């Protein structure tokens, strides 16, 4: 019988490869771009996508995470190469942590807190799927909209994109 880690790892690998293909398209000249006054700049969104895998060690190694105690984030990257380096480092650690987690550990409860306030509690496996994987896919999709609005060709993710499909 497969373990949860064995079930999660192929999907993890596919989604990280897809995410890297998207991050490889981030245009250095458009890092300040925002599609709307309420939107964060492309550099912020791309950095968020690149660093979401950093949550995996918190989910695996800790019983909770207190957002009030988190140190401030370093400055935003100034290039695609910096984004890719941060992403690759985060993915390597995340994959190692996920591959070493037992079912018992992944099914144990985990809490997200803000000081003494518990925002939610759920099994680590659910936190991984929602806070890490689904969250990353959601923001990756937002990033592709930024690309489309700037005529940046979209990579194929789950099949050919309109930009990579051969004309009929």
Among the strands (runs of 3 or more DSSP E) confined wholly to region 60-130, which include 1 or more residues that are surrounded by 15 or more Cβ atoms within 10 Å (Cβ to Cβ) and touching a residue at least 40 places away in the same chain (Cβ under 8 Å)?
64-66, 109-114
Among the residues of region 1-10, are any under 18 Å from the mean Cα position of the chain (by Cα), assigned to a helix (DSSP H, G or I), modelled with pLDDT of 95 or more and closer than 21 Å to residue 160 by Cα?
yes
Among the residues of region 82-96, is any over 15 Å from the mean Cα position of the chain (by Cα) and farther than 30 Å from residue 151 by Cβ?
yes
What pairs can you find where one residue is in region 152-165 and without any contact (Cβ under 8 Å) to a residue 12 or more places away in the chain, the other is in a loop (DSSP other than H, G, I, E, B), and their Cβ atoms are less than 6 Å apart, with a gap of 6+ or different chains?
161/154; 163/153; 163/154; 164/156
Could you grab me the full set of residues in region 41-54 that are in contact (Cβ under 8 Å) with a residue 60 or more places away in the chain and buried (at least 20 other Cβ atoms within 10 Å of the Cβ)?
42, 45, 46, 49, 52, 53
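The values are calculated or read from the model by the stated rules, or taken from the named source; none is laboratory data. Note that the coordinates shown come from a computational prediction; the quantities given were computed from them, not determined experimentally. For neighbour counting, all protein chains shown are included, and Cβ atoms are generated from backbone atoms with ideal geometry for every residue, glycine included.
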